[in-house]
């Protein structure tokens, strides 16, 4: 029996298998060299120090190798481009879960990308897990509101992150302060309230900040949502609350006039009683 073809096939498999693995490793290794060179040119001495703290070229290569395992050469290229654009922070943020990070950062508005990477690099494992579970909205919330947005996303999930991304800084802080109370609401009321915040933005959040009892029960939330247009206004028209705030002088004048009128009635009543007493004598 001729075993030569079988032997040759086995030898060919053994020879080519390492070559294939070397080619795969070589892709990440070549990219690592290029990234390190880009970082050195981009950041100078500071980048060199940060790179050394990260673990040097070896650490960069390890992150790129993981990127290749998760997303092939395309992900390696995308991560290399982000590193060239935003610096070593892109590698730091990607360590552990490059696919999640690279794809989430790519979906951010460009002006938020670097801040998003900073948010991840502060707590990489926690943020990567949050993005995986909640979506890219968690990263946008964290990028727009450092130190607050990620907490809102953790407490209120995807809807909370979407809401925070539409709010200004003050409104986001107010939302963060009330996040636990909102999270305790039944699902339907919580969703309705967050939708109202996204659509009514700062007005709704400001009202709830001043009137936290509106969040104590599902019934109170339902009543507020049903009457929010009357309370806060619609289509540019002021609501009841805003009218009271904008017309303090008129309101004060009405109160003063009422008090003066009451004082006059009391005076007149006193004079009338005095006159009757004199007449009876």
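What the table below lists for this structure:
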read-out	value
Cα-based shape type of region 86-210, given that a ≥ b ≥ c are square roots of the gyration tensor eigenvalues and the cut on a/c is 1.5	prolate
Theoretical FRET efficiency, 1/(1+(r/R0)^6), r = Cβ-Cβ of residue 81 and residue 191, R0 35 Å, to 0.05	0.40
Full-extension gain in nm, residue 180 to residue 57, via 0.36 nm per residue minus C-alpha separation	39.9 nm
Region 59-196: relative contact order as a whole-number percent, Cα under 8 Å and 6+ apart	15 percent
Net length gained if the chain between residue 133 and residue 33 were fully extended (0.36 nm per residue, minus Cα distance)	32.7 nm
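All of the numbers you see were taken from the coordinates with simple rules; none came from a lab. Please read all numbers here as calculations on a predicted model, not as lab measurements. Note: ideal-geometry Cβ built from the backbone for every residue, glycine included; neighbour counts use all protein chains shown.
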